[in-house]
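Written out below as structure tokens is the structure these notes cover.
The values are calculated or read from the model by the stated rules, or taken from the named source; none is laboratory data. Small disclaimer: the values here were computed from a predicted structure and weren't measured. Heads up, the Cβs are rebuilt from the backbone with ideal geometry, glycines too, and the neighbour counts pull from every protein chain shown.
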Amino acid sequence: MLAIDDDGRVLHRLTRRRSGFRVVISACGTGGRLVLGSLWERGIAICEASVIQACRARASE
């Protein structure tokens, strides 16, 4: 999943291999969590802030 600014620059990139949750089409941040919706999966995924921070750290390496 990518966060892109108005000029088309990538601000954040969140990836997780073998997560089992695919084709994310929506995201909403709330209460230190990121809630994801999918076109493919039944249900939603909820990522804790610590997981999001770890993915960001790996992406910047």
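Quick notes on this one:
- Scanning the stretch 5-20 for residues that are of a type in the set (Val, Ile, Thr) and closer than 18 Å to GLY37 by Cβ turns up just one, THR15.
- Odd one out for ARG16 among (1) surrounded by 10 or more Cβ atoms within 10 Å (Cβ to Cβ); (2) in contact with a Leu (Cβ under 9 Å, 6 or more places away or on another chain): (2)
Yes/no matrix, rows are residues, columns are (1) modelled with pLDDT under 75; (2) loosely packed, with under 12 Cβ neighbours inside 10 Å; (3) in contact with a Lys or Arg (Cβ under 9 Å, 6 or more places away or on another chain):
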site	(1), (2), (3)
ASP6	no, yes, no
ARG9	no, yes, no
ARG22	no, yes, no
SER26	no, yes, no
SER38	no, no, yes
ALA45	no, no, no
